[in-house]
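Note sheet for the following structure.
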Amino acid sequence: MKKRLSMTLLLGAAVLLILAFGGCTARPNASSSGGKAILKLNNGSEPTSLDPPMGYDQVSWDPLNNLMEGLTRLGKNNEPQPAIAQKWDVSADGRTYTFHIRKNAKWDNGDDLTAGDFVYAWKQMLDPKKAAPAAFLAYLIAGGEAYNTGKGSAGDVQVKAVDSKTFRVTLTSPQSYFISMVSNPAFFPIDQKVAEKNPKWYADASTFVGDGPFKLASWKHDSEMVFKKSSTYWDKNTVKLDEVDWAMVSDSNTEYQMYKTGQLDMAGVPTDLSNQFFKQGKVHVVPQAGTYFFSMNVTMKPFNNINIRRAFAMAVDNRQITDYVVKQKNVPAYGFVSPGFKDPGGQDFRTHNGSLYGYDPVQARKLLAQGMKEEGWKTLPPVVLTYNTSDNNKAIAEAIQAMYQKNLGITIKLANMEWNVYQSQQKAGKFQFSRGSFLADYGDPINFLENFQTGMPINSMQWNNSEYDSLIRQAKNEKDDSKRYALMYKAEKLLFQQMPLFTTYFYNQTFLLNSQVHGLVFHPAAYIDLKWASKNN
């Protein structure tokens, strides 16, 4: 599951939306510190990992997207463009891609970047011993799923270094989003020479090796990171910033105070000042492809009962949460796939499938009574809602607790814990009822829906449904986009008929920005791109 720390500077965007402040024309790179252009950002917390397939969250991928680069990179128009690969060929059947790597593609330690580095990295991602949370993204590679699930070998994975600068990959079926997908940090290369000598190469600035616009100059763990412009990046002349300083502050009030005093160039919008800042036009709002939701573990009482799950979903007023708790102009969510994805007929996925449930406290109370009768319960088993620590998550959990008291006449307990512990326990299915979040990894609805197949990392509700699994498999192997969307529409409806989760709102990103900063680019896969950014006085 990808983490999102609401109300701190974790940036992203909605599918098919790009926002480059100040446009694409960079202003002169004026002095911000001793003649250098230094951008000051907040990462929110320590990256989970800077090993590309392991840091499956925003606090890892925001830094990684600027320290490293894949075969393609999402451009300022939000379309994939040549990056480490200067061009590629596609076979007649649409399954085999041959990428031609730039002759001047280098690692920042001076090593030549080769096709073998991609073969190594992608097989590392799929290695079952590594247990990379992003591995499922590579299941569209022929042999990838079999290797990752212990039913095949590394040799079966259809990736090959034809020569030192030619990389070939064969897919299970033609997929229109593949070129976009390989811009995702999970698909970044790894310097094989470095990784084989030091398996923990990614854990410290002194050993980290990247191939992107910036180099990791220093890293004080749980405190700060400093990036410097890379001298070896193939497109270094495009990069205008000299340095990026990243803080790691999880408290939104502290972040805002740092913004006010010039210690940060960007900050989230404090809830208590939200209305004022919106009225003054100071807030930048970027829609984002992602969903805030709650998981109900179907293996634990009382959520083994479908009617009780439905009752818990329908007793929550999402509009109250967005308007009076979060106060960031979010759209209430009554489906999982966020707006912004157009089917072949030009209709938005969310518009087509509509609201799959709604707020109805009267019906919720009836469903709760019905479920308790079915289970033979006179009193509801104790319920604990667990969330990862943040002021936003706490406020939402308290609002839901109050709604259950009012609408269902029940009292639930709340519990919170820090992200790294929370993530591992949630993934292991340890929680009865917990807060979840998803941000898109690439620009297609299947990325939202594939998460709830049996055994997937984000499926913390321990739900499994053979019909759902079949629909997702069919969609992932269907080359006809109209048929593929029909399968995805059906799958999402089935998910909400069974209701192992309920949604709260679709993400957006609201933030305050230093007027000296220009050219920031926000991508659908929930990470920020600093390649084109500049800062002047």
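Return a yes/no flag: does segment 251-265 have any residue that is within 16 Å of residue 322 (Cα to Cα), part of a helix (DSSP H, G or I) and among the acidic types (Asp, Glu). I'd like the intermediate steps shown before the answer.
So in segment 251-265, the residues within 16 Å of residue 322 (Cα to Cα) come out as none.
No, there is no match, as no residue in segment 251-265 is within 16 Å of residue 322 (Cα to Cα), part of a helix (DSSP H, G or I) and among the acidic types (Asp, Glu).
For residue 276, state whether it is outside any loop (DSSP other than H, G, I, E, B) and at negative phi.
Criteria met by residue 276.
Of all residues in segment 172-207 being out of contact with any strand residue (DSSP E or B) (no Cβ under 6 Å at 6 or more places or on another chain) and aliphatic (A, V, I, L, M), which is surrounded by the most Cβ atoms within 10 Å (Cβ to Cβ)? Even if it seems obvious, please write down each step before you answer.
First pass over segment 172-207, keeping only residues out of contact with any strand residue (DSSP E or B) (no Cβ under 6 Å at 6 or more places or on another chain): 172-178, 181, 184-204, 206-207.
Adding the requirement that they be aliphatic (A, V, I, L, M) leaves 181, 186, 190, 194-195, 203.
Working: 181: 23, 186: 27, 190: 25, 194: 18, 195: 18, 203: 15.
Restricting to residues being out of contact with any strand residue (DSSP E or B) (no Cβ under 6 Å at 6 or more places or on another chain) and aliphatic (A, V, I, L, M), the top hit is 186.
Among (1) crowded, with 22+ Cβ neighbours inside 10 Å; (2) more than 24 Å from residue 357 (Cα to Cα), where does residue 475 come up short?
(2)
Residue 259 passes all but one of (1) touching a helix residue (DSSP H, G or I) at 6+ places or on another chain (Cβ under 6 Å); (2) buried (at least 22 other Cβ atoms within 10 Å of the Cβ); which number fails?
Failed condition: (1).
If residue 209 meets every condition in (1) free of Cβ contacts under 8 Å to residues at least 60 places away in the same chain; (2) not in a helix (DSSP H, G or I) apart from one, which number is that one?
Of (1) free of Cβ contacts under 8 Å to residues at least 60 places away in the same chain; (2) not in a helix (DSSP H, G or I), only one is false for residue 209: (1).
Residue by residue through segment 479-492, note down the ones that are in contact (Cβ under 8 Å) with a residue 40 or more places away in the chain, open to solvent by less than 60 Å² (accessible area, probe 1.4 Å) and either touching a Pro at 6+ places or on another chain (Cβ under 7 Å) or of a type in the set (D, E, K, R) (or both).
Correct list: 481, 485, 488, 492.
Is it fair to say residue 461 is in a loop (DSSP other than H, G, I, E, B) and crowded, with 23+ Cβ neighbours inside 10 Å?
In short, yes.
Please work out which one of (1) part of a loop (DSSP other than H, G, I, E, B); (2) of a type outside the set (S, T, N, Q); (3) under 28 Å from residue 95 (Cα atoms) is the condition residue 531 fails and give its number.
(3)
Checking the condition touching a helix residue (DSSP H, G or I) at 6+ places or on another chain (Cβ under 8 Å) and of a type in the set (Gly, Ala, Ser), which residue from 230, 206, 218 passes?
Result: 230 is the single residue among 230, 206, 218 that is touching a helix residue (DSSP H, G or I) at 6+ places or on another chain (Cβ under 8 Å) and of a type in the set (Gly, Ala, Ser).
Please state which one of 449, 501, 495, 439 is farther than 30 Å from residue 277 by Cβ, open to solvent by less than 10 Å² (accessible area, probe 1.4 Å) and either among the polar types (S, T, N, Q) or under 17 Å from the mean Cα position of the chain (by Cα) (or both). Show your work before the answer.
Working: 501 fails: either among the polar types (S, T, N, Q) or under 17 Å from the mean Cα position of the chain (by Cα) (or both); 495 fails: either among the polar types (S, T, N, Q) or under 17 Å from the mean Cα position of the chain (by Cα) (or both); 439 fails: farther than 30 Å from residue 277 by Cβ.
449 is the lone residue from the list that is farther than 30 Å from residue 277 by Cβ, open to solvent by less than 10 Å² (accessible area, probe 1.4 Å) and either among the polar types (S, T, N, Q) or under 17 Å from the mean Cα position of the chain (by Cα) (or both).
Kindly indicate the residue of segment 507-528 that is modelled with pLDDT of 90 or more, on the phi < 0 side of the Ramachandran plot and part of a loop (DSSP other than H, G, I, E, B) and also surrounded by the most Cβ atoms within 10 Å (Cβ to Cβ) among those meeting that condition.
This residue is 520.
Within segment 397-429, can you find the residues that are at pLDDT 95 or above, out of contact with any strand residue (DSSP E or B) (no Cβ under 6 Å at 6 or more places or on another chain) and among the basic types (Lys, Arg)?
If the condition is that a residue be at pLDDT 95 or above, out of contact with any strand residue (DSSP E or B) (no Cβ under 6 Å at 6 or more places or on another chain) and among the basic types (Lys, Arg), then 406 is the only one that fits.
If you go through segment 120-152, how many residues are in contact with a Phe, Trp or Tyr (Cβ under 6 Å, 6 or more places away or on another chain), open to solvent by 30 Å² or more (accessible area, probe 1.4 Å) and outside any helix (DSSP H, G or I)?
The number of residues fulfilling the criteria is 0.
Would you check if residue 274 is modelled with pLDDT under 95 and within 26 Å of residue 523 (Cα to Cα)?
Here the answer is yes, as residue 274 does meet what is asked.
State all residues of segment 258-271 that are under 27 Å from the mean Cα position of the chain (by Cα) and modelled with pLDDT of 95 or more; if no residue qualifies, say none.
Scanning segment 258-271 gives 258, 259, 263, 264, 265, 266, 267.
Taking the condition assigned to a loop (DSSP other than H, G, I, E, B), at pLDDT 95 or above, under 24 Å from the mean Cα position of the chain (by Cα) and not β-branched (Val, Ile, Thr), does residue 340 pass?
Here the answer is no, as residue 340 does not meet what is asked.
The values are calculated or read from the model by the stated rules, or taken from the named source; none is laboratory data. The shown structure was predicted, so the numbers you read here are calculated from the model rather than taken from an experiment. Glycine also receives a Cβ, built like all others from the backbone with ideal geometry; neighbour counts cover every protein chain displayed. Surface areas here come from the heavy atoms of the whole protein model, side chains and all, with no ligands, DNA or RNA. Shrake-Rupley method; radii C 1.70, N 1.55, O 1.52, S 1.80 Å.
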